[in-house]
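Okay, so here's the structure we're looking at.
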Amino acid sequence: MSTPQKIEVVKELTQKFKDSSGIYFTKYTGMNVAQATHLREQFRKNEVLYLVSKNTLTKLAVKNAGFTDKLDDLLTGQIGIAYSLNDPTAPARVIRNYEKENKDSSLEVVGLIFEGKLFNADKYKEISNLPSRDELLAQLVGCFNQPISKIVGTLNGVMSKLVMALSSLKETK
C-alpha cells in the first residue's frame, strides 16, 4: 500500500530528476558518519543536493520523469544521488575532491545523467576534470580581451616612439 508520505517523496524525486542538469549515482557502502557528513557539507557548498532514498521509490520517480527502465541496473544496493540544478559538473568536482582527501573512502560513482543523457561511470572522470562554468566564462572573456590589449599595447608603443622622436627633434633644433 502506498502512503501519502511515499507519494509525496516520489513527486519530489520526480521533480528533481526533471529539473536537474547533472545527476550522479553513487555507492556509499562503507562510509562512516564523519565522512558522509563531510561529503554532504561539500555538496551544500557547491549547491548540490545529495539524497538517499529507497530504491523502489527512486525507480518510480525515474519512470515518472521519463527515463524508462534505463536506470534499474544502477539502483541496486546503497545508492546516494547528487542532484545539481545549475552546474552539471559541480557534483563530479565535489566527488573528485572528496576522493583525493579520503583515499580510504569507498564512495564510487556508478552512473550519471548529464544534461538529460545517461552515461556510465567512466564518463565521470572526464567530467570531473572540466572547469566550472564560471572558469569557462572567465577564459572566454580573456580570449576576447587579448586582441584588444595587444592593440592598446601596440598603439602605446607607437605613441611613445613618436613622442620620443619629437622630443629629440626639438632638442636638436
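The values are calculated or read from the model by the stated rules, or taken from the named source; none is laboratory data. These numbers were taken from a predicted model, which means no experiment stands behind them. Counting neighbours? That spans all protein chains shown, and the Cβs are built from the backbone with ideal geometry, glycine included. Each accessible area value is taken on the protein alone, full model and side chains, heavy atoms only, with ligands, DNA and RNA left out. Shrake-Rupley method; radii C 1.70, N 1.55, O 1.52, S 1.80 Å.
Could you tell me whether the range 1-23 includes any residue that is open to solvent by less than 40 Å² (accessible area, probe 1.4 Å), over 19 Å from F119 (Cβ atoms) and in contact with a strand residue (DSSP E or B) (Cβ under 6 Å, 6 or more places away or on another chain)?
No, the conditions are met nowhere in the range 1-23.
Output the residue which, of all residues in the range 53-69 that are among the hydroxyl-bearing types (S, T, Y) and surrounded by 16 or more Cβ atoms within 10 Å (Cβ to Cβ), is nearest to N102 (Cα to Cα). The selected residue is S53. What number of residues within the range 121-137 are at pLDDT 75 or above and in a helix (DSSP H, G or I)? Residues in the range 121-137 being at pLDDT 75 or above and in a helix (DSSP H, G or I): 11 in total. Just to be sure before I move on: is Y50 open to solvent by 50 Å² or more (accessible area, probe 1.4 Å) and touching a strand residue (DSSP E or B) at 6+ places or on another chain (Cβ under 9 Å) in the structure I sent? So Y50 does not fit the description; no.
Of the helices (runs of 4 or more DSSP H) that lie entirely inside the range 24-107, those containing 3 or more residues that are among the basic types (K, R), more than 19 Å from D122 (Cα to Cα) and within 21 Å of the chain's Cα centre (by Cα) span 33-45. Here I95 clears all of (1) open to solvent by 10 Å² or more (accessible area, probe 1.4 Å); (2) among the hydrophobic types (A, V, I, L, M, F, W, C); (3) in contact with a helix residue (DSSP H, G or I) (Cβ under 9 Å, 6 or more places away or on another chain) except the condition numbered (1). Is there a residue in the range 140-156 that is under 20 Å from the mean Cα position of the chain (by Cα) and either modelled with pLDDT under 80 or under 21 Å from F17 (Cβ atoms) (or both)? Looking through the range 140-156, none of the residues is under 20 Å from the mean Cα position of the chain (by Cα) and either modelled with pLDDT under 80 or under 21 Å from F17 (Cβ atoms) (or both).
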